[in-house]
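Only one structure is covered here, and it is reproduced in the block below.
Every number in this text was worked out from the coordinates using simple rules, so none of it is lab data. These figures come from a predicted structure and were not determined experimentally. Backbone-built Cβ (ideal geometry, glycine too); neighbour counts: all protein chains shown.
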Amino acid sequence: DHNVYALSAKRGSLRWKFTTGNVVHASPAVVDGTVYVGSWDRYFYALDVSTGKVRWRFLTGDDTHIYNQVGINSSAAVGKDTVYFGCRDSHLYALDRHSGRLRWDHDEHGSWVISSPALASDTVFYTTSDEVKFFALDARTGAEKFRVSQRAFSFSSPAVAGNMAYFGTFDGRLYKVDANTG
């Protein structure tokens, strides 16, 4: 219904709701009093956790596919000073989490980034759809550390445990990748 809701954990009663310009498929991330969430209206929002008021918002680009399914499916990963998320406009974004200013973005040249990124140490991991790749980028600069090709699309959000990263693909495979070397 285009809304982000905050409910009382004790009573389940509505504390506030924030209306976006389209559906919200992403799960919000909450860090230090700020709610981070994207919408299919192409905006990524930072909301005050107590009031739901907008602290900042960032406009992403348009989807280049024939389907014209714009917006943000990806849930955010939040680091010390940066928030990371993917978008149907074929980019993984890194924004300053306090101001919403773009730090860097990684262009996947027409391939959706709808998986939620995983952040481990100084690396951000994510999968792509049409490009059929798994990426590891330097979290600070966006420089590519490595990429791994797979055989099928992946909408799977990677999980990192110890030195290993895991993700699934449309061909029913589960990949286990060394998170340091690829």
Practice task
Could you work out how far apart the two model spin labels at MET164 and ARG57 are, taking each label as a point 7 Å from the Cα in the direction of the beta carbon, and quote it in nm?
Solution key: 4.3 nm
Handout entry: Cut-off 15 Å, label 7 Å out along Cα→Cβ of LEU7, residues of region 27-56 by amide N
Key = 28
Fill in the blank from the handout: The summed charge of the ARG97 Cβ neighbourhood (under 14 Å; Lys/Arg +1, Asp/Glu -1) stands at +2
Problem - Under 18 Å from LYS145, Cα to Cα: aspartates and glutamates that are on another chain or at least 8 residues apart - result: ASP105, ASP107, GLU108, ASP122, GLU131, ASP178
Problem - Approximate spin-label separation LEU14-THR141, in nm, with each point projected 7 Å along Cα-to-Cβ - result: 4.9 nm
Handout entry: Shape of region 127-182, Cα gyration tensor, a/c cut at 1.5
Key = oblate
Completion exercise
What the 5 Å binned alpha carbon P(r) of the chain shows, as percent of pairs per bin from 0, is 1, 9, 18, 20, 20, 14, 10, 6, 2, 0
Practice task
Provide the net charge surrounding GLY52, with neighbours chosen by a C-beta distance below 10 Å and charges set as Lys +1, Arg +1, Asp -1, Glu -1.
Solution key: +2
Handout entry: Contact order relative to length of the chain, as percent, for alpha carbon pairs under 8 angstrom and 6 or more apart
Key = 11 percent
Completion exercise
Sparse-neighbourhood loop hits (trypsin sites (Lys or Arg not before Pro), region 1-53; DSSP loop; Cβ within 10 Å at most 12 others) -> LYS10, ARG11, LYS53
